[in-house]
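Presented below is the structure to which this report refers.
The values are calculated or read from the model by the stated rules, or taken from the named source; none is laboratory data. Since the model is a prediction, treat every value here as computed from it, not as a measurement. Don't worry about glycine lacking a Cβ; one is built from the backbone with ideal geometry, like all the others, and counts go over all protein chains shown. Heads up: the accessible areas ignore ligands, DNA and RNA and are worked out on the full protein's heavy atoms, side chains in. Shrake-Rupley method; radii C 1.70, N 1.55, O 1.52, S 1.80 Å.
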Amino acid sequence: MRFFKKSAALGQNCKSYSKCGDFYYSLGDKKSAMNCYKKAADLGDVQALNNIGLMYESGFGDTPPQPKLALQNYKDAHSMGNTDATINLALYYLSGQFQSKDLEQGKTHLIQAHGNKSKRAGDLLLRYGLIKSADELPGLSQEYTRELTANASKKMIAMNTTMRSGHNTG
């Protein structure tokens, strides 16, 4: 532990802060873990953002669960490409624990995580009944990519139409 602390203090190393957070968490010192994860996230560690989300979701120390902060951290880490956060975001939507269930959002995030080679995402798609069999998995991420591309094209067409009609002085 002292080596992680020393490394973190000397080099402002985000991974060292994150490892300190993991260590404190394993000891049950969740406040110290949160402080380390926040430092790591401030220095650019995306996994630390996910860990912060997990801690906010379940609460820590005398801090009760804060689902809005959990969701925001999951979204931030997801937008930076963290597959664990993408899965946690999916589970957030699928559980309905803090808001009404949103199966489509959950499925979309799990498909994206599966596209990032997450076996766990495929397992969760099956467990939640979002796909019928594992046979659907191999082409699933390709289908999702085509769907995203089609939706993006529709949005671009709509934006271009709006922009053109907005400049029409007639």
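Restricting the range 39-59 to residues that are outside any helix (DSSP H, G or I) and open to solvent by less than 20 Å² (accessible area, probe 1.4 Å), which is nearest to residue 106 (Cα to Cα)? Looking at the filtered set, the residue picked out is 59.
Let's see how each residue does on (1) open to solvent by 60 Å² or more (accessible area, probe 1.4 Å); (2) hydroxyl-bearing (Ser, Thr, Tyr):
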position	(1), (2)
84	yes, no
91	no, no
98	yes, no
108	no, yes
111	no, no
115	no, no
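Against the list (1) at pLDDT below 95; (2) open to solvent by less than 20 Å² (accessible area, probe 1.4 Å), the condition residue 6 fails is (2).
Scan the range 64-77 and report the pairs whose first residue is under 22 Å from residue 45 (Cβ atoms) and whose second residue is aromatic (Phe, Trp, Tyr) and crowded, with 16+ Cβ neighbours inside 10 Å, with Cβ atoms within less than 7 Å and a gap of 6+ or a chain change. What qualifies is 66/56; 69/56; 70/56; 71/92; 73/56; 74/92.
Kindly check whether there is at least one residue in the range 20-38 that is at pLDDT 95 or above, open to solvent by less than 50 Å² (accessible area, probe 1.4 Å), aliphatic (A, V, I, L, M) and part of a helix (DSSP H, G or I). Within the range 20-38 (the criterion being at pLDDT 95 or above, open to solvent by less than 50 Å² (accessible area, probe 1.4 Å), aliphatic (A, V, I, L, M) and part of a helix (DSSP H, G or I)), the answer is yes, since at least one residue qualifies. Would you check if residue 150 is modelled with pLDDT under 60 and open to solvent by less than 70 Å² (accessible area, probe 1.4 Å)? So residue 150 passes the test. Is there a residue being modelled with pLDDT under 85, touching a His at 6+ places or on another chain (Cβ under 7 Å) and more than 24 Å from residue 69 (Cβ to Cβ) anywhere in the range 108-124? No, that holds for no residue. Here residue 63 fits the description: of a type in the set (S, T, N, Q) and within 23 Å of residue 30 (Cα to Cα). I'd like the full set of residues that are part of a loop (DSSP other than H, G, I, E, B), of a type in the set (Lys, Arg) and under 20 Å from residue 47 (Cα atoms), limited to the range 78-125. 117 - this is the single residue of the range 78-125 that is part of a loop (DSSP other than H, G, I, E, B), of a type in the set (Lys, Arg) and under 20 Å from residue 47 (Cα atoms).
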